[in-house]
């Protein structure tokens, strides 16, 4: 019987799955540009990808009931960032280990800037990895998330889904990858819609003229013509 790792995300099978997910997202994330990006991860060893068009990464790691890393805060509190702060938010298996996955997903959407990318990865609950994952992680709070449900929540939040993809091996320890519908992990990419610019509607205001009736801007003025006297 295979011994359990203290940190399941540091185990060899999951490190291979993390690498496969990173490769699947690489081309899309390379196109992300901006000044700030956020990584929320379940692994102690996780590091943000090298993206030349992004300036600064903020790294958070879920550790029990709090976030560690660049900031220390509780996981049951809102993320300590202003709205629209990041051009890229990467949730790498983080939804599997937080107590309230819906709250973290809502916060990720809130801090994502319009036009930015939200990337979510995880172990698929309907895969050959699920029994192994539950056995290796027994005694800890880990809940696998269904990507179709995540897709539905993000659509309700107004995001555009760019891709949902299964990646990785058929089961832990398998040799061949199954990039189709049988991979043990998933990658979800969504984009936050840019806010539409609504032109201001100018309310017509009356223009007063001395000795005349008020004329409303935007309406045609009434013109009074006098007949020319007939010549005799």
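The values are calculated or read from the model by the stated rules, or taken from the named source; none is laboratory data. Everything numeric here is computed off the predicted structure, so don't read it as measured data. Cβ atoms come from the backbone with ideal geometry, glycine included; neighbour counts cover every protein chain shown.
Among the residues of the range 27-46, how many are within 29 Å of residue 142 (Cα to Cα) and free of Cβ contacts under 8 Å to residues at least 12 places away in the same chain? I'd like the intermediate steps shown before the answer.
Of the residues in the range 27-46, the ones within 29 Å of residue 142 (Cα to Cα) are 28-29, 36-46.
Still in the running and free of Cβ contacts under 8 Å to residues at least 12 places away in the same chain: none.
Qualifying residue count, the range 27-46: 0.
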* Test result for residue 173, assigned to a loop (DSSP other than H, G, I, E, B), modelled with pLDDT of 55 or more and under 30 Å from residue 17 (Cβ atoms) -> yes
* To do: Please go through the range 121-141 and pick out each residue that is under 25 Å from residue 65 (Cβ atoms), in contact (Cβ under 8 Å) with a residue 60 or more places away in the chain and in contact with a strand residue (DSSP E or B) (Cβ under 9 Å, 6 or more places away or on another chain).
  => 121, 122, 123, 133
* To do: State which residue is surrounded by the fewest Cβ atoms within 10 Å (Cβ to Cβ) when the search covers only the range 40-49 and only residues that are touching a helix residue (DSSP H, G or I) at 6+ places or on another chain (Cβ under 9 Å) and part of a loop (DSSP other than H, G, I, E, B).
  => 45
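Table: residues versus (1) under 15 Å from the mean Cα position of the chain (by Cα); (2) at pLDDT 95 or above.
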site: 60; (1), (2): no, yes
site: 96; (1), (2): no, yes
site: 105; (1), (2): yes, yes
site: 111; (1), (2): yes, yes
site: 119; (1), (2): yes, yes
site: 124; (1), (2): no, yes
site: 138; (1), (2): no, no
* Residue list for the range 22-39, restricted to those being more than 30 Å from residue 66 (Cβ to Cβ) and part of a loop (DSSP other than H, G, I, E, B) -> 31, 33
